[in-house]
Amino acid sequence: MSKPVMTVCITGAAGQIGYALLPHLCSGKTFGPDQPVKLHLLDLNIEGVQTALNGVKMELEDATYPLLKGVVCTGDAKVAFTGADAVIMLGAFPRKDGMERKDLLEKNCGIFKEQGELLNTVASKTVKVLVVGNPANTNCLIAAECAPNIPRENFSALTRLDHNRAIAQLAIKASVPVEQVQNSIIWGNHSSTQYPDINAATINGKKAKEVVNNDEWYKNEFIPCIQKRGAAIIAARKLSSALSAAQAISDHMHDWFLGTPAGQFVSMAVDSTGNKYGVADGLIYSFPVSCSNGKWTIKEGLEIDDFSKEKMKATEQELTDEKKTAMEILGK
Ligand code: NAI
(Lines give C-alpha, C1' and ligand atoms only; values in the text may rest on other atoms or scores of the structure.)
Protein backbone atom coordinates (compact mmCIF):
# COMPACT_ATOMS: atom_id res chain seq x y z
CA MET A 1 0.00 0.00 0.00
CA SER A 2 1.38 3.43 -0.84
CA LYS A 3 2.23 5.86 1.96
CA PRO A 4 -0.01 8.87 2.69
CA VAL A 5 1.09 12.04 0.92
CA MET A 6 3.37 14.23 3.03
CA THR A 7 2.98 18.02 2.79
CA VAL A 8 6.26 19.94 2.73
CA CYS A 9 6.26 23.72 2.99
CA ILE A 10 9.23 25.78 1.80
CA THR A 11 9.39 29.46 2.65
CA GLY A 12 11.50 31.64 0.35
CA ALA A 13 10.94 28.99 -2.30
CA ALA A 14 11.58 31.35 -5.22
CA GLY A 15 15.19 31.93 -4.09
CA GLN A 16 18.36 30.15 -5.12
CA ILE A 17 18.40 27.47 -2.41
CA GLY A 18 14.74 26.72 -3.12
CA TYR A 19 15.57 26.08 -6.77
CA ALA A 20 18.39 23.71 -5.85
CA LEU A 21 16.42 21.97 -3.09
CA LEU A 22 13.19 21.07 -4.88
CA PRO A 23 14.69 18.20 -6.93
CA HIS A 24 15.84 16.53 -3.69
CA LEU A 25 12.33 16.75 -2.20
CA CYS A 26 10.53 15.55 -5.34
CA SER A 27 12.87 12.72 -6.33
CA GLY A 28 12.55 10.78 -3.06
CA LYS A 29 16.11 11.55 -2.00
CA THR A 30 15.04 13.45 1.11
CA PHE A 31 12.02 11.61 2.47
CA GLY A 32 12.50 8.22 0.82
CA PRO A 33 11.85 6.69 -2.61
CA ASP A 34 8.32 5.58 -1.61
CA GLN A 35 7.19 8.84 0.00
CA PRO A 36 4.79 10.93 -2.12
CA VAL A 37 4.94 14.67 -1.42
CA LYS A 38 2.80 17.74 -1.92
CA LEU A 39 4.62 21.09 -1.93
CA HIS A 40 3.46 24.36 -0.42
CA LEU A 41 5.75 27.03 -1.87
CA LEU A 42 5.69 30.36 -0.06
CA ASP A 43 7.39 33.56 -1.11
CA LEU A 44 6.75 37.27 -0.81
CA ASN A 45 3.35 38.45 -1.92
CA ILE A 46 4.85 40.64 -4.64
CA GLU A 47 3.76 40.21 -8.24
CA GLY A 48 7.21 39.63 -9.74
CA VAL A 49 8.14 37.15 -7.02
CA GLN A 50 4.88 35.21 -7.33
CA THR A 51 5.31 35.09 -11.12
CA ALA A 52 8.79 33.63 -10.64
CA LEU A 53 7.40 31.13 -8.14
CA ASN A 54 4.82 30.02 -10.69
CA GLY A 55 7.67 29.55 -13.17
CA VAL A 56 9.24 27.11 -10.68
CA LYS A 57 5.91 25.28 -10.49
CA MET A 58 5.86 25.00 -14.30
CA GLU A 59 9.33 23.45 -14.21
CA LEU A 60 8.27 21.01 -11.49
CA GLU A 61 5.37 19.90 -13.70
CA ASP A 62 7.72 19.48 -16.65
CA ALA A 63 10.14 17.41 -14.56
CA THR A 64 7.40 14.72 -14.24
CA TYR A 65 8.36 13.46 -10.78
CA PRO A 66 6.19 10.41 -10.00
CA LEU A 67 6.29 11.21 -6.26
CA LEU A 68 5.08 14.81 -6.67
CA LYS A 69 1.36 14.94 -5.91
CA GLY A 70 0.70 18.67 -6.09
CA VAL A 71 2.22 22.15 -5.85
CA VAL A 72 0.59 25.17 -4.19
CA CYS A 73 2.26 28.55 -4.80
CA THR A 74 1.25 31.28 -2.39
CA GLY A 75 2.17 34.60 -0.82
CA ASP A 76 0.07 33.79 2.24
CA ALA A 77 1.96 32.05 5.06
CA LYS A 78 -1.30 30.82 6.56
CA VAL A 79 -2.09 28.86 3.39
CA ALA A 80 1.51 27.61 3.23
CA PHE A 81 1.67 26.32 6.82
CA THR A 82 -1.78 24.75 6.97
CA GLY A 83 -1.50 20.96 6.86
CA ALA A 84 2.32 20.95 6.60
CA ASP A 85 4.19 17.95 8.00
CA ALA A 86 7.55 19.64 7.43
CA VAL A 87 8.44 23.31 7.06
CA ILE A 88 11.80 24.39 5.63
CA MET A 89 12.32 28.08 6.29
CA LEU A 90 14.62 29.65 3.69
CA GLY A 91 12.88 33.03 3.53
CA ALA A 92 14.74 35.66 5.54
CA PHE A 93 15.81 39.27 5.24
CA PRO A 94 19.24 39.33 3.54
CA ARG A 95 22.17 41.19 5.06
CA LYS A 96 22.82 44.38 3.10
CA ASP A 97 26.04 46.39 2.88
CA GLY A 98 26.66 48.46 5.99
CA MET A 99 24.00 46.66 8.01
CA GLU A 100 24.82 45.94 11.64
CA ARG A 101 24.10 42.48 13.02
CA LYS A 102 21.46 44.03 15.29
CA ASP A 103 19.65 45.57 12.30
CA LEU A 104 19.66 42.17 10.58
CA LEU A 105 18.27 40.52 13.70
CA GLU A 106 15.61 43.20 13.98
CA LYS A 107 14.40 42.61 10.41
CA ASN A 108 14.39 38.85 10.89
CA CYS A 109 12.77 38.99 14.31
CA GLY A 110 9.74 40.48 12.60
CA ILE A 111 9.58 37.69 10.00
CA PHE A 112 10.18 34.77 12.38
CA LYS A 113 7.85 36.16 15.07
CA GLU A 114 5.01 36.47 12.60
CA GLN A 115 5.67 33.08 11.01
CA GLY A 116 6.18 31.40 14.41
CA GLU A 117 2.83 32.75 15.61
CA LEU A 118 1.14 31.50 12.46
CA LEU A 119 2.73 28.06 12.82
CA ASN A 120 1.40 28.04 16.35
CA THR A 121 -2.16 28.56 15.20
CA VAL A 122 -2.43 26.74 11.87
CA ALA A 123 0.27 24.06 11.75
CA SER A 124 -0.01 20.53 13.09
CA LYS A 125 1.53 19.92 16.54
CA THR A 126 3.71 17.26 14.95
CA VAL A 127 5.18 19.53 12.26
CA LYS A 128 8.98 19.49 12.02
CA VAL A 129 10.53 22.88 11.30
CA LEU A 130 14.01 23.49 9.91
CA VAL A 131 15.26 27.09 9.88
CA VAL A 132 17.92 27.90 7.29
CA GLY A 133 17.52 31.67 6.79
CA ASN A 134 20.21 33.56 8.67
CA PRO A 135 20.94 34.17 11.49
CA ALA A 136 19.54 30.62 11.48
CA ASN A 137 19.96 29.60 15.14
CA THR A 138 18.39 32.74 16.55
CA ASN A 139 15.66 32.91 13.90
CA CYS A 140 14.80 29.35 14.91
CA LEU A 141 14.71 30.33 18.57
CA ILE A 142 12.34 33.22 17.79
CA ALA A 143 10.00 31.00 15.76
CA ALA A 144 9.98 28.37 18.53
CA GLU A 145 9.36 31.01 21.24
CA CYS A 146 6.39 32.30 19.27
CA ALA A 147 4.95 28.80 18.76
CA PRO A 148 4.49 27.44 22.29
CA ASN A 149 1.86 24.90 21.15
CA ILE A 150 4.49 23.07 19.09
CA PRO A 151 7.06 21.07 21.08
CA ARG A 152 10.48 22.76 21.14
CA GLU A 153 12.10 19.55 19.90
CA ASN A 154 10.24 20.01 16.59
CA PHE A 155 12.41 23.03 15.78
CA SER A 156 15.95 22.88 14.47
CA ALA A 157 18.39 25.07 12.55
CA LEU A 158 20.80 24.04 9.82
CA THR A 159 24.45 23.36 10.65
CA ARG A 160 24.61 20.29 8.43
CA LEU A 161 26.27 22.31 5.68
CA ASP A 162 29.13 23.14 8.07
CA HIS A 163 29.17 19.48 9.12
CA ASN A 164 29.40 18.29 5.53
CA ARG A 165 32.14 20.83 4.81
CA ALA A 166 34.16 19.38 7.70
CA ILE A 167 33.69 15.83 6.41
CA ALA A 168 34.80 16.95 2.94
CA GLN A 169 37.98 18.67 4.18
CA LEU A 170 38.93 15.66 6.30
CA ALA A 171 38.41 13.35 3.32
CA ILE A 172 40.55 15.58 1.11
CA LYS A 173 43.29 15.79 3.74
CA ALA A 174 43.37 12.01 4.27
CA SER A 175 42.86 11.25 0.54
CA VAL A 176 39.91 8.96 1.23
CA PRO A 177 36.36 8.88 -0.15
CA VAL A 178 33.94 11.05 1.86
CA GLU A 179 31.90 8.06 3.03
CA GLN A 180 34.89 6.85 5.05
CA VAL A 181 34.72 9.95 7.28
CA GLN A 182 32.21 9.96 10.13
CA ASN A 183 31.26 11.64 13.39
CA SER A 184 32.80 15.03 12.91
CA ILE A 185 30.93 17.68 14.95
CA ILE A 186 29.88 21.30 14.60
CA TRP A 187 29.22 22.92 17.97
CA GLY A 188 27.27 26.13 18.42
CA ASN A 189 26.23 28.82 16.00
CA HIS A 190 26.03 28.74 12.20
CA SER A 191 28.48 31.63 12.07
CA SER A 192 32.21 32.14 12.13
CA THR A 193 32.29 31.33 15.87
CA GLN A 194 31.14 27.74 15.25
CA TYR A 195 33.54 25.07 16.49
CA PRO A 196 34.27 22.28 14.00
CA ASP A 197 35.54 19.46 16.25
CA ILE A 198 37.26 16.32 14.94
CA ASN A 199 38.07 14.71 18.30
CA ALA A 200 35.37 12.05 17.88
CA ALA A 201 35.70 11.79 14.09
CA THR A 202 36.83 8.59 12.42
CA ILE A 203 38.39 7.89 9.05
CA ASN A 204 37.81 4.34 7.90
CA GLY A 205 37.11 3.38 11.53
CA LYS A 206 40.34 4.91 12.92
CA LYS A 207 40.56 8.12 14.95
CA ALA A 208 40.71 10.99 12.45
CA LYS A 209 43.16 12.93 14.64
CA GLU A 210 45.61 10.02 14.54
CA VAL A 211 45.17 9.45 10.81
CA VAL A 212 45.77 13.12 10.02
CA ASN A 213 48.30 13.49 12.84
CA ASN A 214 48.75 17.21 12.31
CA ASP A 215 47.47 19.45 15.09
CA GLU A 216 48.92 22.52 13.41
CA TRP A 217 46.77 21.85 10.33
CA TYR A 218 43.70 21.11 12.49
CA LYS A 219 43.93 24.30 14.52
CA ASN A 220 45.31 26.77 12.00
CA GLU A 221 43.90 25.58 8.68
CA PHE A 222 40.97 23.21 9.12
CA ILE A 223 39.02 25.13 11.77
CA PRO A 224 39.27 28.56 10.04
CA CYS A 225 38.54 26.94 6.66
CA ILE A 226 35.21 25.53 7.89
CA GLN A 227 34.34 28.68 9.83
CA LYS A 228 34.94 30.90 6.80
CA ARG A 229 33.86 28.56 4.01
CA GLY A 230 30.55 30.37 3.46
CA ALA A 231 32.36 33.69 2.98
CA ALA A 232 34.91 32.06 0.64
CA ILE A 233 32.07 30.78 -1.56
CA ILE A 234 30.40 34.19 -1.66
CA ALA A 235 33.75 35.76 -2.63
CA ALA A 236 34.22 33.22 -5.44
CA ARG A 237 30.65 32.89 -6.74
CA LYS A 238 29.31 36.33 -5.84
CA LEU A 239 26.36 34.36 -4.47
CA SER A 240 26.02 32.33 -1.29
CA SER A 241 26.12 28.52 -1.25
CA ALA A 242 23.00 27.02 -2.78
CA LEU A 243 23.87 23.63 -4.28
CA SER A 244 25.65 22.45 -1.13
CA ALA A 245 23.08 24.12 1.15
CA ALA A 246 20.31 22.21 -0.63
CA GLN A 247 22.19 18.93 -0.23
CA ALA A 248 22.72 19.67 3.48
CA ILE A 249 19.02 20.50 4.00
CA SER A 250 18.11 17.25 2.29
CA ASP A 251 20.57 15.32 4.49
CA HIS A 252 19.25 17.02 7.65
CA MET A 253 15.59 16.25 6.88
CA HIS A 254 16.39 12.73 5.68
CA ASP A 255 18.16 11.87 8.92
CA TRP A 256 15.59 13.58 11.13
CA PHE A 257 12.64 11.78 9.50
CA LEU A 258 14.27 8.46 8.59
CA GLY A 259 17.07 8.13 11.16
CA THR A 260 20.87 8.13 11.31
CA PRO A 261 22.81 4.89 10.74
CA ALA A 262 23.74 2.98 13.92
CA GLY A 263 26.84 4.38 15.61
CA GLN A 264 26.81 7.59 13.61
CA PHE A 265 25.97 11.11 14.63
CA VAL A 266 25.45 14.29 12.65
CA SER A 267 25.25 17.98 13.58
CA MET A 268 21.92 19.71 14.16
CA ALA A 269 21.22 22.99 15.95
CA VAL A 270 18.57 22.13 18.52
CA ASP A 271 17.23 23.21 21.90
CA SER A 272 20.13 23.12 24.35
CA THR A 273 17.92 22.67 27.41
CA GLY A 274 19.12 19.79 29.58
CA ASN A 275 22.29 19.04 27.56
CA LYS A 276 25.19 17.40 29.40
CA TYR A 277 27.96 19.54 27.89
CA GLY A 278 27.48 22.59 30.12
CA VAL A 279 25.93 24.73 27.38
CA ALA A 280 23.36 27.16 28.79
CA ASP A 281 19.73 26.08 28.51
CA GLY A 282 17.33 27.78 26.12
CA LEU A 283 19.59 28.27 23.11
CA ILE A 284 19.40 26.72 19.64
CA TYR A 285 22.94 25.32 19.68
CA SER A 286 24.50 22.80 17.28
CA PHE A 287 25.27 19.44 18.89
CA PRO A 288 26.17 15.94 17.73
CA VAL A 289 22.85 14.10 17.48
CA SER A 290 21.56 10.73 16.41
CA CYS A 291 18.00 10.36 15.14
CA SER A 292 15.49 7.56 15.24
CA ASN A 293 11.68 7.37 14.97
CA GLY A 294 11.59 11.05 13.97
CA LYS A 295 13.36 12.26 17.13
CA TRP A 296 16.86 13.61 17.68
CA THR A 297 18.94 12.79 20.76
CA ILE A 298 22.11 14.61 21.74
CA LYS A 299 25.04 12.20 21.76
CA GLU A 300 26.28 12.05 25.34
CA GLY A 301 29.55 11.12 26.96
CA LEU A 302 32.02 12.58 24.46
CA GLU A 303 35.25 13.76 26.04
CA ILE A 304 35.76 17.51 25.83
CA ASP A 305 39.32 18.81 26.16
CA ASP A 306 40.23 22.33 27.31
CA PHE A 307 40.75 23.60 23.76
CA SER A 308 37.25 22.41 22.83
CA LYS A 309 35.71 23.85 26.00
CA GLU A 310 37.03 27.29 25.16
CA LYS A 311 35.75 27.15 21.57
CA MET A 312 32.35 25.82 22.67
CA LYS A 313 32.06 28.65 25.19
CA ALA A 314 32.88 31.34 22.62
CA THR A 315 30.12 30.25 20.25
CA GLU A 316 27.71 29.82 23.20
CA GLN A 317 28.46 33.42 24.22
CA GLU A 318 27.61 34.68 20.74
CA LEU A 319 24.29 32.80 20.81
CA THR A 320 23.53 34.15 24.29
CA ASP A 321 24.18 37.69 23.04
CA GLU A 322 22.01 37.13 19.95
CA LYS A 323 19.24 35.75 22.15
CA LYS A 324 19.41 38.77 24.45
CA THR A 325 19.14 41.16 21.49
CA ALA A 326 16.28 39.14 19.98
CA MET A 327 14.34 39.06 23.25
CA GLU A 328 14.80 42.82 23.67
CA ILE A 329 13.45 43.36 20.15
CA LEU A 330 10.52 41.03 20.89
CA GLY A 331 9.92 42.82 24.20
CA LYS A 332 10.27 39.57 26.19
P1 NAI B 1 17.64 34.12 -1.81
O2 NAI B 1 17.74 35.57 -1.54
O3 NAI B 1 18.00 33.58 -3.16
O4 NAI B 1 16.14 33.62 -1.51
C5 NAI B 1 15.44 34.00 -0.38
C6 NAI B 1 13.97 34.03 -0.75
O7 NAI B 1 13.23 34.31 0.45
C8 NAI B 1 13.63 35.12 -1.76
O9 NAI B 1 12.90 34.55 -2.83
C10 NAI B 1 12.78 36.11 -0.94
O11 NAI B 1 11.79 36.74 -1.74
C12 NAI B 1 12.18 35.18 0.09
N13 NAI B 1 11.70 35.85 1.30
C14 NAI B 1 12.24 36.88 1.98
N15 NAI B 1 11.47 37.20 3.04
C16 NAI B 1 10.44 36.34 3.06
C17 NAI B 1 9.32 36.17 3.89
N18 NAI B 1 9.11 36.99 4.93
N19 NAI B 1 8.45 35.18 3.61
C20 NAI B 1 8.64 34.37 2.55
N21 NAI B 1 9.69 34.48 1.71
C22 NAI B 1 10.57 35.46 1.95
O23 NAI B 1 18.48 33.40 -0.66
P24 NAI B 1 19.05 31.92 -0.62
O25 NAI B 1 20.40 31.89 -1.22
O26 NAI B 1 18.01 30.99 -1.14
O27 NAI B 1 19.25 31.73 0.95
C28 NAI B 1 18.16 31.69 1.84
C29 NAI B 1 18.64 31.92 3.26
O30 NAI B 1 19.45 30.83 3.68
C31 NAI B 1 19.48 33.17 3.48
O32 NAI B 1 19.09 33.78 4.69
C33 NAI B 1 20.89 32.63 3.61
O34 NAI B 1 21.71 33.49 4.37
C35 NAI B 1 20.62 31.34 4.34
N36 NAI B 1 21.64 30.30 4.26
C37 NAI B 1 21.84 29.53 5.39
C38 NAI B 1 22.73 28.51 5.39
C39 NAI B 1 22.91 27.66 6.61
O40 NAI B 1 23.78 26.77 6.57
N41 NAI B 1 22.17 27.83 7.69
C42 NAI B 1 23.53 28.19 4.19
C43 NAI B 1 23.23 29.04 3.06
C44 NAI B 1 22.33 30.06 3.11
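The values are calculated or read from the model by the stated rules, or taken from the named source; none is laboratory data. Quick caveat, the model's predicted, so the values are computed rather than measured. Cβ: placed from backbone, ideal geometry, glycine included. Neighbour counts: every protein chain shown.
Within the range 204-225, is even one residue within 21 Å of Ser156 (Cα to Cα) and either of a type in the set (Ser, Thr, Tyr) or buried (at least 20 other Cβ atoms within 10 Å of the Cβ) (or both)? There is no residue in the range 204-225 that is within 21 Å of Ser156 (Cα to Cα) and either of a type in the set (Ser, Thr, Tyr) or buried (at least 20 other Cβ atoms within 10 Å of the Cβ) (or both). Taking residues in the range 250-274 that are assigned by TED's automatic domain parsing to the domain that holds Val131, and partners anywhere that are of a type in the set (Val, Ile, Thr) and surrounded by fewer than 19 Cβ atoms within 10 Å (Cβ to Cβ), not one pair has Cβ atoms closer than 8 Å while being at least 6 places apart or on different chains. Going by the conditions given, is Gly188 within 18 Å of the chain's Cα centre (by Cα), at pLDDT 95 or above and not assigned by TED's automatic domain parsing to the domain that holds Cys291? No; evaluated as a whole, the condition is false for this residue.
Gly133 meets each of the listed conditions (1) of a type outside the set (Ser, Thr, Tyr); (2) farther than 25 Å from Ile46 by Cα; (3) in contact with a helix residue (DSSP H, G or I) (Cβ under 9 Å, 6 or more places away or on another chain); (4) part of a loop (DSSP other than H, G, I, E, B) apart from (2).
Identify all residues within the range 153-167 that are of a type outside the set (A, V, I, L, M, F, W, C), assigned to a helix (DSSP H, G or I) and closer than 18 Å to Cys291 by Cα; write none if there are none. First the steps, then the outcome.
First pass over the range 153-167, keeping only residues of a type outside the set (A, V, I, L, M, F, W, C): 153-154, 156, 159-160, 162-165.
Remaining after also requiring assigned to a helix (DSSP H, G or I): 153-154, 160, 162-165.
Glu153, Asn154, Arg160, His163, Asn164, listed by residue number.
Answer yes if at least one residue in the range 145-152 is surrounded by fewer than 19 Cβ atoms within 10 Å (Cβ to Cβ) and part of a helix (DSSP H, G or I), and no otherwise. Talk me through it step by step, then tell me what you get.
Looking only at the range 145-152, we keep the residues that are surrounded by fewer than 19 Cβ atoms within 10 Å (Cβ to Cβ), and these are 148-149, 151-152.
So of that shortlist, the ones also part of a helix (DSSP H, G or I) come out as 152.
Yes; the residues of the range 145-152 include at least one that is surrounded by fewer than 19 Cβ atoms within 10 Å (Cβ to Cβ) and part of a helix (DSSP H, G or I).
Please find, within the range 157-205, the residue that is farthest from Ala242 (Cα to Cα) out of those that are acidic (Asp, Glu) and touching a residue at least 24 places away in the same chain (Cβ under 8 Å).
Of all residues in the range 157-205, those acidic (Asp, Glu) come to 162, 179, 197.
Adding the requirement that they be touching a residue at least 24 places away in the same chain (Cβ under 8 Å) leaves 162, 197.
Details: Asp162: 13, Asp197: 24 Å.
Out of the qualifying residues, it is Asp197.
Of the helices (runs of 4 or more DSSP H) lying entirely inside the range 229-332, those containing at least 1 residues that are at pLDDT below 95 and surrounded by fewer than 19 Cβ atoms within 10 Å (Cβ to Cβ) are 229-237, 306-330.
Counting only strands (runs of 3 or more DSSP E) that sit wholly inside the range 7-95, those with at least 1 residues that are among the hydroxyl-bearing types (Ser, Thr, Tyr), within 14 Å of the ligand (Cβ to nearest atom) and over 23 Å from Ala157 (Cβ atoms) are 68-74.
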